[in-house]
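Written out below as C-alpha cells is the structure these notes cover.
The values are calculated or read from the model by the stated rules, or taken from the named source; none is laboratory data. What you are looking at is a predicted structure, and each value in this text was computed from that prediction instead of being measured. FYI the Cβ positions are ideal-geometry reconstructions off the backbone, even for glycines, and counts take in every protein chain you see.
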Amino acid sequence: MELNVKYVYILESLDGQQHYTGITADLKARLSKHNAGEVTHTAKFRPWQIKSYFAFNDEAKAWAFEKYLKTASGRAFAKKRL
C-alpha cells in the first residue's frame, strides 16, 4: 500500500515579516520553487524558510487544515501556537 502523504506548510521570510501557507507532496522541492521565484505569491519576499509543517496521510484532512490556516482564526492560531 502506497501512502500519499501531503504536507501542509507555513513559510516565513527571513526577516520574519511575511508568512505563506501551502500544501504539497514534496516539501523540499516546493521550498526550492518558492526560493527560486517560481511561485508568484512568494517571489518578492524571498528567501523563505520553513516555519512549521504537518504531514497528513488523509488528503482531504490536509486540504481542510490548509484551508483553516488561511482563515483569520487559523492565522491567529498559527501565530500564537506554531
Q: Taking the residues in region 11-32 that are modelled with pLDDT of 95 or more and among the small types (G, A, S) as candidates, determine which candidate is surrounded by the most Cβ atoms within 10 Å (Cβ to Cβ).
A: G22
Q: Could you check how many residues of region 36-54 are in contact (Cβ under 8 Å) with a residue 12 or more places away in the chain and surrounded by fewer than 12 Cβ atoms within 10 Å (Cβ to Cβ)?
A: 1
Q: Note down all Cβ pairs under 7 Å where the first residue falls in region 58-79 and is charged (D, E, K, R), the second is modelled with pLDDT under 95 and assigned to a loop (DSSP other than H, G, I, E, B), and they're at least six residues apart or on different chains.
A: E59/N4
